[in-house]
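Quick notes on the structure that follows.
Just so you know, all these numbers are worked out from the coordinates, no wet-lab data involved. As the structure is a prediction and not an experimental result, all values here were calculated from the model. In this analysis, Cβ positions are derived from the backbone assuming ideal geometry, glycine residues included, and neighbour counts consider all displayed protein chains.
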């Protein structure tokens, strides 16, 4: 399978099964519309291009095909490596309460449709023990402190980090921690602690003040920007070159979200992730099909500006334009997807286990609990089974090995079926991938 | 080649010895609603 596209003046060709990427000229781009019918190709293009050029380009295509790097064979995976995954990562909901009231929150003010409750130390320790016990041979284990707002339970976070470090010594596991916070409770002590103990810090703010304040409110319905911007800047400065991301959400209210990304870049934040809101169409801020063309154009504009910033030395990193063409995850990871319900679970303050943070509160998706372990093996098997090879919509999609099949929760929220991807999400994902690869092509031309 | 420039020679379909499970996961990244797999990292330093 191949995919070709034109973006920002570049003609780009992808070989999907090998992951090879080529920059091609316009003649080759048009020839490929007729491949493998050379006679028809030359008949239709001879008035537009020199026949000798078409012939040369055709030979180059054939050579690449013969080398197995264009129109390459599909990926053959071993079935047993696709089954019975050990758990590697845990989203630990240390707080089902929040000190903000964001308009688009999928977590119902942090409570996930349940009671406002904080995780106690014992439950947290049991979660860490569960992760170790179910991690098999996996050495690197990940815990994301999540909420609600996890800093509302900061003392427990500290105790759990200490406990995990103790258990590392006896188990030879290596824990890495991420903190995802809205920033409201950050102070110098907490900033210093997070800097020392977290492998990654994710700081939530949506971009321009008016964008942020439109959706991210205090409990008194005030915009939060003035309360968080300096704290988030301080955390980012402290962090320096260590991993941290400024993470925002865009909605129908800011379809010009590239301005929010660039506003954050202009403020000096080095790593930025701004993502589309996930909301059903009954919400006035939800993204709908009629927004797709505008949003695709917006990603393209952002990609061009991104290159301009990099060219001028004002480098910043936009998470969704990251792509490692030479490395990246292997085919097994790409086929199995994000890992929700298999490699990755979420644990609530009261010890229920869910496939991921997006499913928390949906009782049909409880996998088990910390006391009894994974009880609903059928559900776990469902998540294991629904990989790229099982999703009809993905089989013939050029983006499948970049995307991994999309978000299970989005699929369920919009289609009531974890195996049917969320169409708007697919379209935006494809555009992000095209932009990310174009950026790599452009960089190689400098 | 005159008409085609190789940007990346991929080996995604060469899977021997792969699948160890030491990959980055979504929760380590900055992605909470539109998780992408292709922009994550292989963390097996032995390969």
Beta bridge orientation in region A:168-259: antiparallel %, DSSP, nearest 5: 10
Percent antiparallel among DSSP beta bridges (both partners in chain A, rounded to 5): 40
Rounded to the nearest whole number, the Stokes-Einstein translational diffusion coefficient of region A:120-216 at 20 °C and 1.002 mPa s (Kirkwood radius, C-alpha pairs) in µm²/s is 147
Using 0.36 nm times the number of residues separating residue A:229 and residue A:284, minus their current alpha carbon distance, what extension gain do you get? 17.1 nm
Viscosity 0.692 mPa s, temperature 37 °C, Stokes-Einstein D of region A:1-50 from Kirkwood C-alpha radius, µm²/s: 283
Quick one: order A:176, A:432 by neighbouring beta-carbon count within 10 Å, fewest to most. A:176, A:432
Contact order relative to length for region A:209-262, counting C-alpha pairs under 8 Å separated by 6 or more residues, stands in percent at 27
I need the Debye-formula profile for region A:295-395: one equal scatterer per C-alpha, no solvent, reported as log10 I(q)/I(0) at q = 0.12, 0.14, 0.16 1/Å, two decimals. -0.63, -0.76, -0.85
Among A:390, A:206, A:282, which comes first, second and so on when ranked by fewest other beta-carbon atoms within 10 Å? A:282, A:390, A:206
What are the equivalent ellipsoid semi-axes of region A:41-85, built from the alpha-carbon gyration tensor (square roots of five times its eigenvalues), in whole angstrom, biggest first? 40, 11, 6
Percentage relative contact order, chain A, counting C-alpha pairs under 8 Å, at least six apart: 15
Take every Cα pair under 8 Å in region A:173-254 that's 6+ residues apart, average their separations, divide by the length, and report that relative contact order as a whole percent. 37
May I have the pair-distance distribution P(r) for region A:206-272, computed from all Cα-Cα distances with 10 Å bins from 0 and rounded to whole percent? 21, 51, 25, 2
Just to compare against my own numbers: the Cα pair-distance distribution for region A:332-388, 5 Å bins, whole % per bin, please. 5, 21, 32, 24, 12, 6, 1
For residue A:350 and residue A:26, calculate 0.36 nm times their separation in residues minus their Cα-Cα distance, and state this gained length in nm to one decimal. 110.7 nm
Taking the convex hull of Cα positions in region A:237-362, its mean projected area over all directions (nm²): 11.0
Test of understanding: ordering A:438, B:1 by Cβ neighbours within 10 Å, fewest first, what list do you get? B:1, A:438
Kirkwood hydrodynamic radius of region A:158-212, from inverse mean 1/r over distinct Cα pairs, in Å: 13.0
What does DSSP give for region A:184-310 in terms of the percent of beta bridges that are antiparallel, rounded to the nearest 5? 10
Can you compute the radius of gyration and Dmax for region A:222-309, using only the Cα atoms, both in Å? 14.5, 42
So, for the Cα atoms of region A:1-127, Rg and Dmax in Å stand at 26.8, 76
Compute the orientation-averaged projected area for region A:70-183 from the convex hull of its Cα atoms and round it to one decimal in nm². 10.9
Projected area, mean over directions - region A:130-169, Cα convex hull, nm²: 3.2
Correct semi-axes for the protein assembly as shown, from √(5λ) of the alpha-carbon gyration tensor and rounded to whole Å with the largest first, are 40, 26, 20
